[in-house]
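Q: Questions regarding the structure given below will be posed in turn.
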Amino acid sequence: MYIEERAISLFYPFEMEHYLETLLGERDPLLREMEEQALQETIPVVTPMVGNFLNLLVTMSRAQAVLEIGTAIGYSTIWLTRAVKKNRGHVTTIDMNRDRLNRAIQYFERAELKKYITALDGDARKILPQLPSTFDFVFIDAAKGEYLDYLNLVYPLIVPGGVLVVDNVLFRGWVVPNTTFAPKYERMVGRLRQFLEELSRNPEFTTTVLPFGDGVSVSRKIDVSRQ
Ligand SMILES: C[S@@+](CC[C@H](N)C(=O)[O-])C[C@H]1O[C@@H](n2cnc3c(N)ncnc32)[C@H](O)[C@@H]1O
């Protein structure tokens, strides 16, 4: 039932998502509970496949200092932190919705991950310039209309060779030119197109866009010392 209810926002066949999700195996009860909560309250958390992908990327990149922009109730944070814990690292996560952040902190406690996570309450656009350290891995999943702001602010915080992952970059497939969507989304879709173009053309990053979940971009910041 969970996946059928989510299928409305998929831009590829529901059967494919369903099949690939069966390959992931059963999630633990805590993640399942969070998925149900998010669905009931229409909180747009990452899909289980994207969560698993984040976990894999953090493991593969051996990232220790991880930053997340957009915590919500902490679903993606838990996928990230389970990998970061094995790398002996730490996750900093930011959300401006205090109620959601408090619920996320309760989930971090239940997942026995709280000591690996610093949760910051506030607008990422104000918090990012004040962060004192750099990051090996950054995950952006907050307000789609603000992605370019986050990109500019987060750029100096990513170490050379660091990874940047951004969710929802294809926004239901509407970012692809000549697709049909309600006029109220025009501005957001336009901003996402601009974001993707700037990120893809940025010579400081190598970027690929993956058409799964709601569209996920993966970039690596160029490390000039290794060129
Ligand atoms: C899509 S949800 C995050 C979902 C979460 N990453 C997950 O997959 O479990 C987006 C969150 O970004 C937060 N947000 C939006 N704009 C923000 C901003 N400027 N600064 C901090 N948080 C913001 C919202 O409050 C919301 O909880």
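Q: If you roll a 1.4 Å probe over the chain with all protein chains in place, what percent of the accessible area is carbon or sulfur? Let's see the in-between values first.
A: Details: 6030 of 11580 Å².
Carbon and sulfur: 52 percent of the exposed surface of the chain.
Q: Based on the alpha carbon coordinates of segment 173-218, what radius of gyration and maximum Cα-Cα distance (Dmax) apply, in Å?
A: Spelled out, the Cα radius of gyration and Dmax of segment 173-218 are 11.5, 35 Å.
Q: R0 = 41 Å: FRET efficiency of residue 181 with residue 226, Cβ-based, nearest 0.05? Please list the in-between numbers first.
A: On the way: r = 41 Å, r/R0 = 1.01.
Working from the Cβ atoms, E equals 0.50.
Q: To continue, here is another question. Averaged over every viewing direction, what's the projected area of the C-alpha convex hull for segment 36-99? Give it in nm², one decimal, please. Please report the intermediate quantities before stating the final value.
A: Values: hull surface 17.1 nm².
Answer in nm², one decimal: 4.3.
Q: Okay, next question. What's the magnitude of the charge dipole for the chain around its Cα centre, counting Lys and Arg as +1 and Asp and Glu as -1 at the beta-carbon? Answer in Debye, nearest 20. Before the final figure, lay out each step's value.
A: Values: 26 positive and 29 negative charges, 145 e Å.
In total the dipole reaches around 700 debye.
Q: Can you find, among 40, 189, 203, the residue farthest towards the positive end of the dipole of the chain? Put +1 on the C-beta of Lys and Arg, -1 on that of Asp and Glu.
A: Comparing the listed Cα positions along the dipole, 203 ranks first.
Q: Running a GNM on the chain with Cα contacts under 10 Å, which residue among 30, 54, 196 ends up with the highest mean-square fluctuation?
A: Per the Cα network of the chain with a 10 Å cutoff, 30 tops the list.
Q: Taking N as the number of residues in segment 117-158, what is its alpha-carbon radius of gyration divided by 2.2 N^0.38 Å? Could the numbers behind the result be given before it?
A: Details: Rg = 10.0 Å, N = 42, 2.2 N^0.38 = 9.1 Å.
So the Cα radius of gyration is 1.10 times the expected 2.2 N^0.38 Å.
Q: Shifting gears a bit: With the radius of gyration and the Kirkwood radius both derived from the Cα set of segment 2-222, what is their ratio Rg to Rh?
A: Values: Rg = 16.5 Å, Rh = 17.6 Å.
Answer for segment 2-222: 0.94.
Q: I've got another one for you. Between 193, 98, 172, where does the largest GNM mean-square fluctuation fall for the chain, given springs only between Cα atoms within less than 10 Å?
A: Result for the chain, Cα springs under 10 Å: 98 fluctuates most.
Q: Simple spin-label model, 7 Å along Cα-to-Cβ: residue 121 to residue 109 in nm?
A: For the pair residue 121/residue 109, the computed spacing is 1.4 nm.
Q: Estimate the FRET efficiency between residue 36 and residue 200 by the formula 1/(1 + (r/R0)^6), using the beta-carbon distance for r and 35 Å for R0, to the nearest 0.05. Intermediate results must be reported in sequence, preceding the final value.
A: Working: r = 36 Å, r/R0 = 1.02.
Calculated value: 0.45.
Q: If one computes the Cα centroid of segment 30-74 and of segment 85-115, what distance in Å separates the two points?
A: If we compute the Cα centre of each part, the gap is 11 Å.
Q: Considering amide H positions built from the backbone, and no H for Pro or chain starts, which residues 5 or more places from residue 120, or on another chain, come under 5 Å of its amide H?
A: 93, 94, 95
Q: Among the listed pairs 86/115; 85/115; 86/221; 144/184, which are separated by more than 21 Å between their Cα atoms? Don't skip to the end; give the middle numbers.
A: Numbers: 86/115 13 Å; 85/115 10 Å; 86/221 23 Å; 144/184 14 Å.
Among 86/115; 85/115; 86/221; 144/184, the Cα-Cα distance tops 21 Å for 86/221.
Q: At 222 nm, what helix-only mean residue ellipticity would the chain give, in deg cm²/dmol to the nearest 500, using -39500 (n - 2.57) for each DSSP H run of four or more?
A: Details: 9 runs with 95 residues, N = 227.
Helix-only estimate at 222 nm: -12500 deg cm²/dmol.
Q: Looking at the chain only, what percent of DSSP beta bridges run antiparallel? Nearest 5 please.
A: Values: 11 of 30 bridges.
DSSP beta bridges in the chain are roughly 35 percent antiparallel.
Q: HN-Hα J couplings of segment 183-200 from phi, Karplus 6.51/-1.76/1.60, θ = phi - 60°, integer Hz, Gly and Pro as x?
A: My calculation for segment 183-200 gives x, 5, 8, 3, 5, 5, 4, x, 5, 5, 4, 4, 4, 5, 5, 5, 5, 5 Hz in order.
The values are calculated or read from the model by the stated rules, or taken from the named source; none is laboratory data. Just so it is clear, the structure is predicted and the values come from calculations on it, not from any experiment. Positions of Cβ are backbone-derived with ideal geometry, glycine not excepted, and every protein chain shown enters the neighbour counts. Please note that ligands, DNA and RNA were not included when accessible areas were found on the heavy atoms of the full protein model with its side chains. Shrake-Rupley method; radii C 1.70, N 1.55, O 1.52, S 1.80 Å.
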